[in-house]
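A.B. asks: Below is a structure I'd like to ask you about.
The values are calculated or read from the model by the stated rules, or taken from the named source; none is laboratory data. Fair warning: this is a prediction, and the values are worked out from it, not measured in the lab. Please note: Cβ atoms are built from the backbone with ideal geometry, for glycine as well, and neighbour counts cover all protein chains shown.
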Amino acid sequence: MVTERRQWAAVVADLLNPGGQFYVHDVHPFAGCFDDEGERIIYGYFEDIDHPFVYDGEYTYSDGDKLSSTRTYEWNHSIGEIVTALIERGLVLDVLTEHDWTAWQQFPWLEKDPSGRYVVPHDRPCVPLSFTLVAHSPSIT
């Protein structure tokens with residue numbers, strides 16, 4: 001919950017040198033609210049559970065070897081919770097962009113476009129599927 005989010009932000013901040021940059025591109029927290037089919041909202045957007053979601057699967061984000069450890073523990077944090085945790089650790093937000101595409105077929109109805117991204121078909125409402133965040137650690141003056 002709040003503790004895990006703050007611990008995550010502390011690790012990010014501690015790993016950055018002054019002037020260092022943090023970049024993340026991830027699944028949008030709103031997209032994480034849907035069932036596996038992407039048809040119904042079954043999870044809350046805001047951090048409202050006291051335990052992680054536990055998943056077992058052999059997926060990877062590349063065409064490389066399958067993972068040997070397949071269990072993941074995940075929490076859904078809103079965009080505001082993520083940004084606030086980083087700012088509380090002294091990072092400066094440079095860019096926050098929400099995307100209507102994702103790099104993998106999260107839902108069966110997503111369509112692959114010519115660039116290789118998975119997008120919402122034109123006959124469905126457009127929702128955020130991923131986001132990019134760039135922040136930096138201030139330089140020492």
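A.B. asks: So which residues in the range 20-47 are under 15 Å from the mean Cα position of the chain (by Cα) and charged (D, E, K, R), if there are any at all?
C.D. replies: Asp26, Glu47
A.B. asks: If you go through the range 13-31 one residue at a time, how many are aliphatic (A, V, I, L, M) and under 13 Å from Leu93 (Cα atoms)?
C.D. replies: Summing the residues that are aliphatic (A, V, I, L, M) and under 13 Å from Leu93 (Cα atoms) in the range 13-31 gives 2.
A.B. asks: Of everything in the range 2-42 that's part of a strand (DSSP E or B) and aliphatic (A, V, I, L, M), which residue is farthest from Thr84 (Cα to Cα)?
C.D. replies: Per the criteria, the residue is Ile41.
A.B. asks: While we're looking at this one, here's another question. Of the conditions (1) surrounded by 15 or more Cβ atoms within 10 Å (Cβ to Cβ); (2) modelled with pLDDT of 90 or more; (3) in a loop (DSSP other than H, G, I, E, B); (4) not aliphatic (A, V, I, L, M), Asn76 clears all except one; give me its number.
C.D. replies: (2)
A.B. asks: Does Leu133 satisfy the criteria of being surrounded by 12 or more Cβ atoms within 10 Å (Cβ to Cβ) and in contact with a Ser or Thr (Cβ under 6 Å, 6 or more places away or on another chain)? Walk me through how you get there before you give the answer.
C.D. replies: Values: surrounded by 12 or more Cβ atoms within 10 Å (Cβ to Cβ): yes; in contact with a Ser or Thr (Cβ under 6 Å, 6 or more places away or on another chain): no.
No, not satisfied.
A.B. asks: For the range 79-98, how many residues are crowded, with 16+ Cβ neighbours inside 10 Å and either acidic (Asp, Glu) or not in a helix (DSSP H, G or I) (or both)?
C.D. replies: Final tally of qualifying residues: 3.
A.B. asks: Now for a separate question. Restrict the check to the range 21-28 and report whether at least one residue is out of contact with any strand residue (DSSP E or B) (no Cβ under 6 Å at 6 or more places or on another chain) and without any contact (Cβ under 8 Å) to a residue 24 or more places away in the chain.
C.D. replies: Within the range 21-28, none of the residues are out of contact with any strand residue (DSSP E or B) (no Cβ under 6 Å at 6 or more places or on another chain) and without any contact (Cβ under 8 Å) to a residue 24 or more places away in the chain.
A.B. asks: As an exercise: evaluate Asp65 against (1) at pLDDT 90 or above; (2) surrounded by fewer than 12 Cβ atoms within 10 Å (Cβ to Cβ) and give the number of the one condition it does not meet.
C.D. replies: Among (1) at pLDDT 90 or above; (2) surrounded by fewer than 12 Cβ atoms within 10 Å (Cβ to Cβ), the lone unmet condition for Asp65 is (1).
A.B. asks: If you go through the range 1-19, how many residues are surrounded by fewer than 15 Cβ atoms within 10 Å (Cβ to Cβ) and either small (Gly, Ala, Ser) or within 14 Å of the chain's Cα centre (by Cα) (or both)?
C.D. replies: 2
A.B. asks: For the range 103-141, what are the residues that are of a type outside the set (A, V, I, L, M), within 23 Å of Tyr45 (Cα to Cα) and in a strand (DSSP E or B)?
C.D. replies: Listed by number, the residues that qualify are Tyr118, Ser130, Phe131, Thr132.
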